[in-house]
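Quick note: the coordinates plus some simple rules give every number you see, no bench work behind them. Small disclaimer: the values here were computed from a predicted structure and weren't measured. Here the Cβ positions follow ideal geometry from the backbone for every residue, glycine too, while neighbour counts run over all protein chains shown.
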Amino acid sequence: MTAVLSGFTVVWLIIAVGFALGRFKILGSEARLILSRVVFFVASPCLLFVTISNASITQVLGPQFGVAAVGAFTTLGLYLLAGKFLLRGRRFSELVVGAQSASQVNAANLGFPIAMYVLGDISLAAPVVMFQLAIYMPVLVATLDQCTAKQSSTAKVRPSARVAVLRRVLQTVGNPVIVGALLGLLFSWQQWHFPGPVQESIELLSGAAIPLLLLSFGLSLVGSHPLDKASGRRRDVLLASVIKLIIHPGLAYLIAAFLFGLEGTMLFAAVVMASLPTAQNVLVTAVRYQTGEIVARDTVLVTTVLGIPAMLAVALLMG
């Protein structure tokens with residue numbers, strides 16, 4: 001328990017530094033965007049490559065991957081079912097974004113630091129990242145494509161279904177984080193290694209990912225004002241937040257313990273990963289499809305503020 005508390009303290013201190021940098025505008029107005037781009041295009045792909053290439057394929061695509069998959073889709077279904085009765089008048093696309101907010105965890109920005117400093121093994125975050133980027137996000141994006149597609153009077157205006165699917169596949173495969181993960185799987189499978197100087201350069205860049213992720217996370221908390229009554233979506237946000245912070249971890253425990261037979265550290269890791277706050281790219285998706293933006297934004301903010309205390313509660317309960 002002392003190690004867990006120490007790990008959370010390290011995470012919070014770096015987040016606090018990021019918040020202070022944003023609050024006093026030390027890095028300028030574009031700091032968060034620049035840090036996020038460096039992490040997304042350089043540091044995170046390197047971190048995933050190093051982490052996965054040094055692990056076995058069975059470890060990356062093993063029980064933790066299965067827990068993340070079953071837990072996310074179950075949570076998604078629960079929100080859609082509850083939303084049908086509690087959130088009347090919502091478009092299905094908005095319910096999908098709310099369900100995504102309740103089920104998609106911030107595995108990249110917080111998963112790696114939590115796995116490193118709290119769980120003691122950074123590779124425990126890799127299966128969750130792989131599942132969300134390679135399977136979950138493409139499925140949800142395809143669903144929103146169908147929900148929000150405008151009816152066209154001519155077939156020429158709208159691309160064929162085959163072209164649309166191909167475009168989504170190319171976008172997914174071209175994601176830098178996916179590239180890093182897939183290369184890591186390939187190198188792990190073949191037991192390949194880059195020449196010494198190249199490997200050292202990649203490892204140095206991967207070392208920048210965690211501190212930059214936490215600093216960027218702290219910057220994102222500046223000026224947050226969730227649950228504005230005037231938005232008319234307070235119930236949506238509260239439903240998504242409760243499911244994300246309470247029900248999702250509870251389901252992860254049941255799935256990990258009784259479906260996959262996990263115990264000890266692996267069981268704790270599965271629950272902690274499910275306790276992570278809503279991923280920030282849910283808001284990016286909502287903005288892209290112009291649906292559920294308020295729900296996505298506020299759920300990200302609420303679960304972000306309460307996420308680490310929630311994970312600390314999990315640590316205390318399972319300690």
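Rounded to the nearest 500, the helix-only mean residue ellipticity at 222 nm of the chain stands at -21000 deg cm²/dmol, with each DSSP H run of n ≥ 4 adding -39,500 (n - 2.57).
With a Förster radius of 41 Å, plug the Cβ-Cβ distance of T143 and V222 into 1/(1 + (r/R0)^6) and report the FRET value to the nearest 0.05. After rounding to 0.05, the efficiency reads 0.80. Classify the chain: rounded, prolate or oblate, from the alpha-carbon gyration tensor (a ≥ b ≥ c, eigenvalue square roots; a/c under 1.5 rounded; otherwise prolate if a/b is larger than b/c)? Rounded shape, in that the Cα axes give a/c under 1.5.
What's the magnitude of the charge dipole for the chain around its Cα centre, counting Lys and Arg as +1 and Asp and Glu as -1 at the beta-carbon? Answer in Debye, nearest 20. Please list the in-between numbers first.
Values: 21 positive and 11 negative charges, 290 e Å.
Roughly 1400 debye, rounded to the nearest 20.
Around the amide H of V105, modelled in the peptide plane, lie the amide H atoms of A279, all under 5 Å away and 5 or more residues distant in sequence or on another chain. Computed from phi, the 3J(HN,Hα) profile of region 48-55 under the Karplus parametrisation 6.51, -1.76, 1.60 (θ = phi - 60°) reads 4, 4, 5, 5, 6, 5, 8, 10 Hz, with x in place of Gly and Pro. Coupling constants for region 76-87 follow from the phi torsions by the Karplus curve (6.51 cos²θ - 1.76 cosθ + 1.60, θ = phi - 60°), and in residue order they are 4, x, 4, 5, 4, 5, 5, x, 4, 9, 9, 10 Hz; glycine and proline get x. Assuming R0 = 51 Å, can you tell me the calculated FRET efficiency for the pair L186 and L13, based on Cβ-Cβ distance, to the nearest 0.05? Using R0 = 51 Å, I get an efficiency of 0.90. In terms of the Cα gyration tensor, with a ≥ b ≥ c the square roots of its eigenvalues, is region 26-76 rounded because a/c is under 1.5, prolate because a/b exceeds b/c, or oblate? Note, shape of region 26-76 comes out oblate. Longest stretch of the chain clear of exposed loop sites (GluC sites (Glu not before Pro), DSSP loop, at most 15 other Cβ atoms within 10 Å, sites excluded): 31-262. About its Cα centre, region 222-319 has a charge dipole of approximately 260 debye under the convention of +1 per Lys or Arg Cβ and -1 per Asp or Glu Cβ, with nothing else charged. Between Q290 and R37, the simple label model (points 7 Å from Cα in the Cβ direction) yields a spacing of 2.6 nm. The modelled label-to-label distance for the pair R234/L317, using points 7 Å beyond Cα in the direction of Cβ, is 2.6 nm. Per-residue 3J(HN,Hα) values for region 184-197, derived from phi via the Karplus relation 6.51 cos²θ - 1.76 cosθ + 1.60 with θ = phi - 60°, read x, 4, 4, 5, 5, 5, 8, 6, 8, 8, 6, x, x, x Hz in sequence order (x marks Gly and Pro).
Determine the shape class of region 178-319: with a ≥ b ≥ c the square roots of the Cα gyration tensor eigenvalues, call it rounded for a/c under 1.5, and otherwise prolate if a/b is greater than b/c, oblate otherwise.
On the way: a/c = 2.12, a/b = 1.38, b/c = 1.54.
The shape class here is oblate.
Label reach from V198 (point 7 Å along Cα→C-beta): in region 46-76, amide nitrogens under 18 Å belong to 46-54.
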